[in-house]
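To keep things clear, I will list the structure first and then write my remarks on it.
Read-outs: derived from the displayed coordinates by stated rules, not from any lab. Quick caveat: nothing in here was measured; it's all calculated off a predicted structure. Cβ coordinates were reconstructed from backbone atoms using ideal geometry, including for glycine residues, and neighbour counts include every protein chain displayed.
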Amino acid sequence: MTTHARGEEKKERFDPHVDDESAMKPYSESLEYTDVTIEMVPIPGGKFLMGSPDSESGRRPDEGPRHEVRLDPFWMGKYEITWEQYEIWSSRLDQLHRELMGQEPNAADLVVDGISKPTEAYTDMSFGMGKGRHPAICMTQHAARTFCRWLSAKTGKYYRLPTEAEWEYAARAGSTTRYCFGDDAERLDQYGWFFDNADDGYREIGRLKPNAWGLHDMHGNVAEWVLDQYDQTAYSRSAPVENPLVIPTRLYPRVVRGGGWDSDPADLRSAARSFSRLEWKAEDPQIPQSIWYFTNAHAVGFRIVRPLVVPAEDQQAAKWERSEPIQTDP
């Protein structure tokens with residue numbers, strides 16, 4: 001198993017432990033005891049206009065007012081997190097492989113084994129659309145956050161979900177148009193999977209064109225979790241805003257970005273915003289309902305980021321890792 005796109009040339013080995021933006025390069029994060037990697041792409045720090053202009057076709061009121069945002073540099077997953085990556089955590093496959101190889105646990109293994117894993121799903125959460133290199137879906141934001149905690153502990157690097165601002169900045173890749181490639185939705189099928197071309201299901205990662213910063217499937221395939229609470233008036237701030245985050249203090253609604261395979265073209269625009277709903281648990285038969293799964297979110301997944309400058313632990317707890325109410329299994 002590997003997350004490299006088929007036919008992609010192997011990258012020069014790069015030590016990603018750097019603290020200088022000029023030294024940032026793409027790298028592959030190897031998941032120990034497996035042959036699975038996660039491809040990371042450097043995103044330069046900078047500023048951009050977040051939201052959409054009043055004249056943009058398909059625009060909704062929550063995309064304004066347009067405002068300047070400044071962001072620090074970070075790496076972002078080249079692709080959405082796939083089932084083959086996600087299940088290493090959710091099914092503890094790395095530790096099972098280690099045990100089969102007869103290897104004693106190292107310090108990282110002892111830490112990751114103490115991080116919560118999802119309870120067993122009541123059904124196949126891919127709903128027959130395929131696993132492997134297909135994007136993982138149907139997880140709650142809590143599950144996606146916990147995957148990032150596990151990955152951070154496993155690798156010794158700080159991974160998390162992107163903020164809503166980081167996501168839009170990366171999706172735009174320097175563009176100011178409806179999509180990363182321009183305004184013409186007729187070209188969308190070259191870059192994204194959506195209702196008109198997805199044939200009723202998600203597709204393997206990386207099969208369509210990337211944006212200018214090398215990120216695939218930012219438009220469509222699956223919508224992607226970010227850290228923020230959804231607030232339709234969140235953009236009404238004094239500009240400029242630096243590294244913004246609307247810290248979640250309630251379970252609903254929370255932001256997802258990018259649109260999915262079941263979305264219309266307007267929902268795949270770089271500025272388009274969507275959010276979680278209680279109805280995403282409608283078919284969960286468990287009592288109480290799971291903190292890990294959204295059984296009706298068949299087009300919701302996530303990708304990860306790694307900030308160049310790692311915040312101090314107290315800053316992580318106060319901002320980047322803060323999420324209320326606390327989620328625990330019964």
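A convex hull fitted around the alpha carbon atoms of region 29-320 yields 129 Å³ per residue.
For a distance above 18 Å, tell me the whole-number percent of Cα pairs in region 1-155 that qualify. Present the calculation step by step, with values, prior to reporting the outcome.
On the way: 8170 of 11935 pairs.
Beyond 18 Å sits 68 percent of the P(r) for region 1-155.
Highest mean first, the peptides 42-52, 254-264 sorted by other C-beta atoms within 10 Å per residue fall in the order 254-264, 42-52.
Kirkwood analysis of region 253-321, using all unique Cα-Cα pairs, places the hydrodynamic radius at 14.7 Å. Relative to its Kirkwood radius, the Cα radius of gyration of region 233-287 gives an Rg/Rh of 1.06.
Hey, got a sec? Which trypsin sites (Lys or Arg not before Pro) in region 134-228 land in a DSSP loop and have at most 12 other Cβ atoms within 10 Å?
Numbers: sites: ARG145, ARG149, LYS154, LYS157, ARG160, ARG172, ARG178, ARG187, ARG203, ARG207; in loops: LYS157, ARG178, ARG203, ARG207.
Listed in order of number, the matching sites amount to none.
From most to least packed by mean Cβ count within 10 Å, the peptides 215-224, 86-95 give 215-224, 86-95. Restricting the calculation to Cα atoms, region 137-195 yields a radius of gyration followed by a Dmax of 15.6, 43 Å.
On the principal axes of its alpha carbon atoms, region 14-59 extends 51, 27, 10 Å, with the longest extent given first.
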